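*Asks:* My questions all concern the structure below.
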Amino acid sequence: MKRFTVLAAGLLLWAGAAHAAEKWNMPTAYGNANYHTQNARLFAKAVGVCTGGKLEIVVHGGGSLIKGGEIKRAVQNGKAPIGERLLSAHQNENAVFGFDSVPLLATSFEASEKLWRATKGRLTKILAAQNLVLLYSVPWPPQGMYFKRAIGGVSDMRGIKFRAYNAATARFAELAGMPSVHIELAELEPALASGKVEAYISSSATGYELKQWKHVSHFYDTQAWLPRNYVFANKRAFEALDAHAQNCLRSSALLAEAAGTARARELTGFYLEQLAAGGMSVEKPGKQLAADLEKIGEIMSAEWTKAAGAEGAAIINAFRGK
Ligand code: PCA
């Protein structure tokens, strides 16, 4: 009898706990081996520990649950309560989202951090108006250029089939005379293998993870910008949580932003070494290429400043400490 009571009480407790626990699926666009995805898993773990298992976040990497291009909309309309996406992917919607892909504006991790501090508050408001809660953001390593041959200047780029991942990369291709096509990272490998695209801008992280020495021979470490991923929740789903769980999300997000950024910094040298170890030429751009890129950078900066209006000007002023 006694045994039965203990067992029944145990079952009741278990049922209670099961009822209280909530599971959030978290779609992300980048592969499971990528540090952003690994960092998202640590974030999920931290939230689980902090909430005593009441909020379980399950990360689905590589666009496996929802494709990269659909993640923001899915979180906005509640199809997913939380997700991760490339911030600059939304530049066509509002130029402010492209703040991190203005060529040569912020080219180091330090500058990227400063630019983020100048932008975070404004983006938080823009996202809140879209039913989203901004949780954290982590940069990619500085962007360089992958080609199948040596490139001395922009005139060598004409006609090369280029893969774009956001509006800035597409505009760059246009200004350099390269026909471009938008391809998510999850679909880049087959596009290169089939010859649909031959060159692209990305980080050393991406080249290393996709073992790009199979397809491209030259990496120009142009350090053009450091685009960011961000993690965000559906506002209604967030507000439906109790205050403790909300605090857990916020505090775990602070940890994840610091840990992910440190990891990106730490890994950058390794990624560059690995590209060279794979047989690629890894170089800074030569004089002509650097001058050409600067010219394109000036055009794109002016275009972004115009498109982002007063918000953009306020970001740049805050970034420059004015
Ligand atoms: N890798 C991602 C975005 C920026 C980066 O470094 C990509 O190539 O899609």
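*Asks:* Looking at the stretch 210-322, what helices (runs of 4 or more DSSP H) fall wholly within it and have at least 3 residues that are within 30 Å of C50 (Cα to Cα)?
*Replies:* Fully inside the stretch 210-322 and qualifying: 235-239, 243-277.
*Asks:* Shifting gears a bit: Does R149 count as of a type outside the set (S, T, Y), touching a Gly at 6+ places or on another chain (Cβ under 7 Å) and touching a residue at least 12 places away in the same chain (Cβ under 8 Å)?
*Replies:* no
*Asks:* Tell me which residues, restricted to the stretch 60-83, are in contact (Cβ under 8 Å) with a residue 40 or more places away in the chain, touching a Pro at 6+ places or on another chain (Cβ under 7 Å) and not β-branched (V, I, T).
*Replies:* L65, A74, A80, G83 - these are the residues of the stretch 60-83 that are in contact (Cβ under 8 Å) with a residue 40 or more places away in the chain, touching a Pro at 6+ places or on another chain (Cβ under 7 Å) and not β-branched (V, I, T).
*Asks:* Let me confirm something: among A111, A74, A106, which residue is farther than 18 Å from N234 by Cα, buried (at least 19 other Cβ atoms within 10 Å of the Cβ) and not acidic (D, E)?
*Replies:* A106
*Asks:* Of the residues E239, E298, which single one is of a type in the set (D, E) and closer than 22 Å to S101 by Cα?
*Replies:* None of the other options fit; the residue is E298.
*Asks:* Taking the conditions exactly as written (within 16 Å of the ligand (Cβ to nearest atom) and surrounded by fewer than 24 Cβ atoms within 10 Å (Cβ to Cβ)), does F99 satisfy them or not?
*Replies:* no
Yes/no per residue for (1) in a helix (DSSP H, G or I); (2) crowded, with 22+ Cβ neighbours inside 10 Å; (3) modelled with pLDDT of 95 or more:
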{"site": "R117", "(1), (2), (3)": "yes, no, yes"}
{"site": "V133", "(1), (2), (3)": "no, yes, yes"}
{"site": "G144", "(1), (2), (3)": "no, yes, yes"}
{"site": "I160", "(1), (2), (3)": "no, no, yes"}
{"site": "A170", "(1), (2), (3)": "yes, no, yes"}
{"site": "L188", "(1), (2), (3)": "yes, no, yes"}
{"site": "Y200", "(1), (2), (3)": "no, yes, yes"}
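*Asks:* Now for a separate question. Restricted to the stretch 187-219, and to residues that are of a type in the set (A, V, I, L, M) and over 20 Å from P142 (Cβ atoms), which residue is farthest from the ligand (Cβ to nearest atom)?
*Replies:* Taking the candidates together, the pick is A193.
*Asks:* Also: Would you check if there is a residue in the stretch 131-146 being more than 16 Å from the ligand (Cβ to nearest atom) and out of contact with any strand residue (DSSP E or B) (no Cβ under 8 Å at 6 or more places or on another chain)?
*Replies:* For the stretch 131-146, residues more than 16 Å from the ligand (Cβ to nearest atom) and out of contact with any strand residue (DSSP E or B) (no Cβ under 8 Å at 6 or more places or on another chain): absent.
*Asks:* Also: Which of the residues spanning the stretch 172-186 are surrounded by fewer than 18 Cβ atoms within 10 Å (Cβ to Cβ), away from the ligand (no atom under 15 Å from the Cβ) and outside any helix (DSSP H, G or I)?
*Replies:* Across the stretch 172-186, the qualifying residues are G177, P179.
The values are calculated or read from the model by the stated rules, or taken from the named source; none is laboratory data. Since the structure is predicted, the reported quantities are computational estimates derived from the model, not experimental observations. Cβ coordinates were reconstructed from backbone atoms using ideal geometry, including for glycine residues, and neighbour counts include every protein chain displayed.
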